[in-house]
1. What percent of all Cα-Cα pairs in the stretch 17-250 falls into each 10 Å bin, going from 0 up to the bin containing the maximum distance?
2. When only Cα pairs under 8 Å and 6 or more residues apart are kept, what is the percent relative contact order across the chain?
3. Could you tell me what percent of the DSSP beta bridges with both partners in the stretch 17-250 are antiparallel, to the nearest 5?
4. By count of other Cβ within 10 Å, fewest leading, how are His259, His336 ordered?
5. Mind listing the phi-derived Karplus ³J(HN,Hα) values for the stretch 313-322, rounded to whole Hz, using 6.51, -1.76 and 1.60 with θ = phi - 60°, and x for any glycine or proline?
6. What are the residues whose amide H is under 5 Å from the amide H of Gly313, where those residues sit 5 or more places off or on another chain and H is modelled from the backbone?
7. Where in the stretch 93-135 are there chymotrypsin sites (Phe, Trp or Tyr not before Pro) that are in a DSSP coil and have at most 12 other Cβ atoms within 10 angstrom of their Cβ?
8. Out of residues 5 or more away from Val58 or on other chains, whose amide H comes under 5 Å of its own, with H placed 1.01 Å from N in the peptide plane?
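A short reminder: the numbers here are calculations on the coordinates, not readings from a lab. What you are looking at is a predicted structure, and each value in this text was computed from that prediction instead of being measured. Here the Cβ positions follow ideal geometry from the backbone for every residue, glycine too, while neighbour counts run over all protein chains shown.
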Amino acid sequence: MKNIIDLRSDTLTKPSDEMRMAMYEAEVGDDVYKEDPTVNRLEKFAAEILGKEAALYVPSGTMGNQISLNVLTKPGDEVICEKDAHIFQYESGSPAALSGIMLSLVDGVRGVFTPDQVEPLIRPVSAYYMARSRVIEIENTHNRAGGTINPIENIAAVSALGKKYNLYMHLDGARIWNASVATGISPAEYAKHFDSVSCCLSKGLGAPIGSLIAGTKDFIQEAYRVRKGWGGGMRQAGILAAAGLYALKNNIERLKEDHEKAETLAKKLAAIPGVSVDMESVQTNIVMFTQSKLSVEDFLSKCSENGLKLGTGKVGVIRAVTHMDVSLNEMTDAAHLIEKIMN
């Protein structure tokens, strides 16, 4: 059987034997009654890592983001976010559908916007005929920009602006672990600038399912109610939470390996005639590139026929995401395969 190099996403990882054993041995109870000890341990541990009072285990990153926005807003409110933010591009219109809120879009550079860009978008409090500005949302790392990192100094400045105007701050930290490992800045240091945080366990950390949201105890109490109302209440969820707990304790530091793989792949792709890579955007585990040989669809098909699976980003852009289930040597193999297709 031909070996497949699958770089479509870091959500494709399979649980390791050690993670599966942790799931097998998990002590469970009914989490809707808050009686699942493994879920409780996961939430407590996550809150500590993120420097927040409490945390809540949820099935997905989208649910984590949408619960957070729902708790922080009322229908008719507005959330300011980057134009390629996950909450705008990839969450099925949920801000409007679930919470009756609008999104005001900022044109960032590699997913990063500045306080000077945000301030003109904040609605005057006296303007009752306008949507009410309520939340500033930042995604770190930024998926659609290529896994780019929002500098901590910029985050602090945007957060200070939010406080000036009494706005809440939400962090879509699906890959905050990647930002932390790449910069040496702790997740708690990032999270302290936000009222709510969501983060994924099922991407680079390798858990099969699940995300977390964190904030104050009052925020999480309300989030718990919304999660139940949206069908996210789970029973013996400790079997899944055990995987998340294992991931947080064992798989964060190893993300450095994924970053090395991405840098290796990016450099090799940049050396291929007809392939273009924005090397400045290769900051963690995502590589975005374009090629001049074929249409995107035909290029992806050719790659797939030869055992390499890739995804897409913006129009015309191809995406490769490194993760624990691909090796450093396979980055060389992937580049060679692409070079062959380009010749």
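1. Calculated over all Cα pairs of the stretch 17-250, the distribution is 8, 35, 36, 17, 4, 0 percent.
2. On the way: 702 pairs, mean separation 88.0, N = 343.
RCO, the chain: 26 percent.
3. Numbers: 11 of 28 bridges.
That works out to approximately 40 percent antiparallel.
4. Working: His259 20, His336 13.
Neighbour counts put them in this order, fewest first: His336, His259.
5. Working through the residues one at a time gives x, 5, 4, x, 9, 9, 10, 10, 10, 8 Hz.
6. Ile318, Arg319
7. Details: sites: Phe113, Tyr128, Tyr129; in loops: Phe113, Tyr128, Tyr129.
Passing sites in the stretch 93-135 are Tyr128, Tyr129.
8. Under 5 Å from the amide H of Val58 lie the amide H atoms of Ser211, Leu212, Ile213, each far enough along the sequence or on another chain.
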